[in-house]
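The values are calculated or read from the model by the stated rules, or taken from the named source; none is laboratory data. Predicted, not measured: the structure shown is a model, and the values here were computed from it. Glycine gets a Cβ as well: all are built from the backbone with ideal geometry, and neighbour counts include every protein chain shown. With ligands, DNA and RNA removed, areas are computed over all heavy atoms of the protein, side chains included. Shrake-Rupley method; radii C 1.70, N 1.55, O 1.52, S 1.80 Å.
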Amino acid sequence: MRKPPATGPAASKDSRRFISLAVLFAMLFCALGQSSAQAAPTAPPPWLGAAWYPEQWPESRWDADLQLMQNAHLDVVRVGEFAWSALEPAQGRYNLDWLARAVRLAEKHHIAVVIGTPTDAPPAWLTRLHPGTLRVDAAGRTAEHGSRRQFNYASPEYRGFCAQIAAQLARRFGHDPNVIGWQIGNEYTDESFDPATRRRFQLWLQRKYKTLDTLNRAWVTAYWSQTYDRWNEIPLPASAGNPGLLLDHRRFVSDTWRDFQQVQIDAIRRFADPRQFITTNIGGLGWSDNWDHYEITRPLDLAAWDDYVGEGHLHVDRNAAMHDFVRGWKRRNFWVMETQPGSVNWAPVNTTLDRGETRAMAWQAIGHGADAVLYWQWRDALNGQEQYHGAIVGPDGSPLPIYSEIGRIGGEFQRAAPALHGTQPAAQVALLVTYDSRWAIDFQPHSKYYDQLELLLDYYRPLRDEQLTVDIVSADAPLDGYKLILAPSLNVISQSLAAHLLAYVQQGGQLLLGPRSGMKDEHNALNVQRQPGPLAAPLGGRVEQYYALDHPLPVAGSLGAGSASLWAEQLSAAAPDVQVLLRYGQSNGWLDNQPAMMTRRVGKGSITYLGAVLDPELMRQVTAWAIARAQVHAEFPGVPAGVEVCRRAGADHMAFILINHGAVAAHVALPGPMSDVLHGDRIVTAVDLSPQGVDVLATGKP
Ligand code: GAL
């Protein structure tokens, strides 16, 4: 466990950690425009933690659990997020004393606490007495008690109960020195399709469009006589429907979850110290699409997600990309609020991560900008729906085999804290995404094989193979810090987004657009310029036609030769200074010898359009060309295959996290002498990593 701050020369490392923590908090809350207050008694990040459910266990057992956590160097527990019936056993009768005792006991063990509001699991009395708070699914069925997520996210009545329990908790724990933050609810998941929510959707549309004429025009409702004469004729779509209606519905769902969340933020902020952060844990195996993550995380102090592998083993690139995506929500470091201690219970086959893989996965999170990793869950619950889920200690309260690996991670986090202090990944390259584009393609994929996450990874992988740090950000984020921007499927490009991208290019940025870019406007209507819509003019060319493919086609040009599959667009160049970089070979007649990729210098930068999904090797050539043109420099050259290097940069120092995901040992020659943080800070010029091996190296003075 990490000692509390001490004084005197012998304690200099500990004091340094404490100072770092103070600085970190100061930075965090200055950034929030709030004053810093006394920090919780923990050492600085990275932090290790677990979801702990004291309400499920006799109080006499808590101390032993916390002692085991302390021995494994856990810094933080998340508590309370499903404990509503224990916190408010009957309407208006609160019992928070047990939680207060749990918080104090955790403090005794130098373990800080994040309190989850229990609003993902309303108690039976609530839904019995107030059935209007229950969710109605798309088929019109009302949810029942007995699981969780049975509440209606749009119900003002339900939100009222949420505000009350959140306020009660904040009043009691908002100044508690051992409570460092709050989690609102748990993995916002299911929307409701009840009549009142439908009415709210109609009002939302009325506020947005003001008149039905405007709405009818934007959605082109003349199509199939969809023209609306009254607001209450507009349906709440479950799946199929007019593309404009569908897109607005996803935005409505995002706004509704955001408002659901805001009610609790307001309730907590009335009482809580500014030093306590407010977050929520976002689930859905990474890039879930039920609502807009940028919208939901904007009002939060911290982004946090739940990182599960499920069946099989760590998908190195996919998981790395998801961390980078999460970091992009608020464009700063984040937390992994839940991850699996070995295995889950909900995959088709609940395999366990290999020995060492949990550690590699934890370090990967830190490498990509996590400041905390919390395991779900600490101890096997005796009953309930998740008896088979991985845990750190068993039902008897004694360690499971994974306990020692988690303790090792905790010790290493502690050793690496000074080197990681004040650092975050800093990228020269960014991938752009938007939820509008994601949804617009998902509503009409045109090929069932067109998988936007896979396409994102097609662009991401070759960049990471060069060990480049990659940001994944919303297309409307500030872009001026990047030398190269890649937008794999930016399907919706409005005039204002086009202006934003063009300004980036004019100032010297290199923009590479992928297939399906710019097809739609902000109402999900077709752009009349054809693809890439408002960017067709600056590109000096456009897409003549797109083709969903059932077999690969040859592609070749100055960047190499290979194939296109799934999707191919026939491009045409109108401006004389457009350079065609790739063409299709003999294929379906329409595409034969037609441009597949073209580029044009614009202002001080360039716009490039790639109309096909390429094979990995040709994609590598494309990204190599783009990297060279943008003068993006390798950050850590000469790394053997299977080894991942993550770079976190501070003001005057740098930390590198090296992970061998490969099956064989790897020898890595370093670009210069570095301090080996996990091995006594000795200066090294090379490291050897066993399979699943990890090392942390530092340069400069932390
Ligand atoms: C998460 C959820 C947790 C737990 C976990 C099991 O999605 O937030 O409460 O159910 O899954 O993997």
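Projecting the Cα atoms of 597, 680, 641 onto the charge dipole of segment 584-702 (Cβ charges, centred on the Cα centre) puts 597 farthest toward the positive pole. The alpha carbon convex hull volume per residue for segment 336-381 rounds to 83 Å³.
Here the chain is treated with +1 on each Lys and Arg Cβ and -1 on each Asp and Glu Cβ, and its dipole about the Cα centre works out to around 1540 debye.
The phi-based Karplus calculation (6.51 cos²θ - 1.76 cosθ + 1.60; θ = phi - 60°) puts the 3J(HN,Hα) values of segment 342-355 at x, 9, 10, 10, 10, 7, x, 10, 8, 5, 10, 4, 5, 4 Hz, whole numbers, x for Gly and Pro.
Residues whose amide H comes within less than 5 Å of that of residue 427, counting only those at least five positions distant or on another chain, are absent (H built at 1.01 Å from N in the peptide plane).
Helices meeting the span-like rule in the chain (full DSSP H runs, Cα extent of at least 18 Å along the helix axis, mean Kyte-Doolittle score of -1.0 or higher): 12-31, 156-173, 243-269, 316-330, 402-420, 452-465, 616-629.
Normalised per residue, the accessible area of segment 429-630 is 37 Å², obtained with a 1.4 Å probe and no contribution from ligands, DNA or RNA.
Here segment 641-682 is scanned for amide nitrogen atoms under 17 Å from the site 7 Å beyond the Cα of residue 426 along Cα-to-Cβ, giving 646-657. Write down the Kirkwood hydrodynamic radius of segment 429-630, to one decimal in angstroms, obtained as one divided by the mean of 1/r over all alpha carbon pairs. Taking every pair of different Cα atoms in segment 429-630, averaging 1/r and inverting gives 16.4 Å.
Tell me, rounded to the nearest percent, the portion of alpha carbon pairs in the chain spaced more than 43 Å apart. Everything past 43 Å amounts to 28 percent.
If you plug the beta carbon distance of residue 332 and residue 500 into 1/(1 + (r/R0)^6) with R0 = 25 Å, you get a FRET efficiency near 0.75. Calculated FRET efficiency, residue 588 to residue 313, Cβ-Cβ distance, R0 = 41 Å: about 0.60 to the nearest 0.05. Here is how the number arises for the chain: DSSP H runs of 4 or more residues each give -39500 (n - 2.57), the sum is divided by the residue count, and the result at 222 nm is -10000 deg cm²/dmol. Where in the chain lies the longest segment free of trypsin sites (Lys or Arg not before Pro) that are both loop residues by DSSP (not H, G, I, E, B) and have at most 11 other Cβ atoms within 10 Å? Counting at most 11 other Cβ atoms within 10 Å as exposed, the longest clean stretch of the chain is 231-447. Determine the shape class of segment 195-246: with a ≥ b ≥ c the square roots of the Cα gyration tensor eigenvalues, call it rounded for a/c under 1.5, and otherwise prolate if a/b is greater than b/c, oblate otherwise. Cα axes put segment 195-246 in the oblate bin.
The residues neighbouring residue 539, those whose beta-carbon lies less than 14 Å from its own, together hold a net charge of +1 under the Lys/Arg +1, Asp/Glu -1 convention. With all protein chains kept in place, the per residue accessible area of segment 195-246 amounts to 60 square angstrom at a probe of 1.4 angstrom.
Sequence-distant contacts, meaning Cα pairs under 8 Å at least 6 residues apart, place the relative contact order of segment 643-700 at 39 percent. Measuring r between the beta carbons of residue 683 and residue 404 and using R0 = 25 Å, the FRET efficiency lands at 0.25.
In segment 336-361, whose amide N lies under 20 Å from the spot 7 Å out along Cα-to-Cβ of residue 288? List them in ranges. Backbone N within reach: 336-350.
Here the chain exposes an accessible surface that is 53 percent carbon and sulfur, computed with a 1.4 Å probe and the other protein chains kept in place. Counted by Cβ distance under 14 Å from residue 207, the other residues give a net charge of +2, where Lys and Arg count +1 and Asp and Glu count -1.
Across segment 195-246, the mean sequence separation of Cα contacts (distance under 8 Å, 6 or more residues apart), normalised by length, yields a relative contact order of 37 percent. Put the Cα centre of segment 330-400 next to the Cα centre of segment 538-585 and the gap is 44 Å. Computed over segment 359-443, the Cα gyration tensor eigenvalues convert (square root of 5λ each) into semi-axes of 32, 24, 8 Å, ordered from largest to smallest.
How many angstrom lie between the C-alpha centres of segment 41-106 and segment 176-223? Result: 34 Å between the Cα centres.
Pairs of Cα atoms nearer than 8 Å and 6+ residues apart set the relative contact order; for segment 429-630 it is 21 percent.
Sorting 447, 398 by solvent-accessible area of protein heavy atoms yields 398, 447, largest first, with a 1.4 Å probe. Calculated over segment 280-436, the projected area of the Cα convex hull averaged across directions stands at 10.3 nm².
The stretch between residue 550 and residue 223, if pulled fully straight at 0.36 nm per residue, gains 114.7 nm over its current Cα-Cα span.
Taking Cβ atoms as reference points and 13 Å as the exclusive limit, the residues near residue 170 contribute a net charge of +1, counting Lys and Arg as +1 and Asp and Glu as -1. Here's how it looks for residue 309: its modeled amide H is under 5 Å from those of 340, which are all 5 or more places away or on a different chain.
From the alpha carbon centroid of segment 673-693 to that of segment 486-515 is 41 Å.
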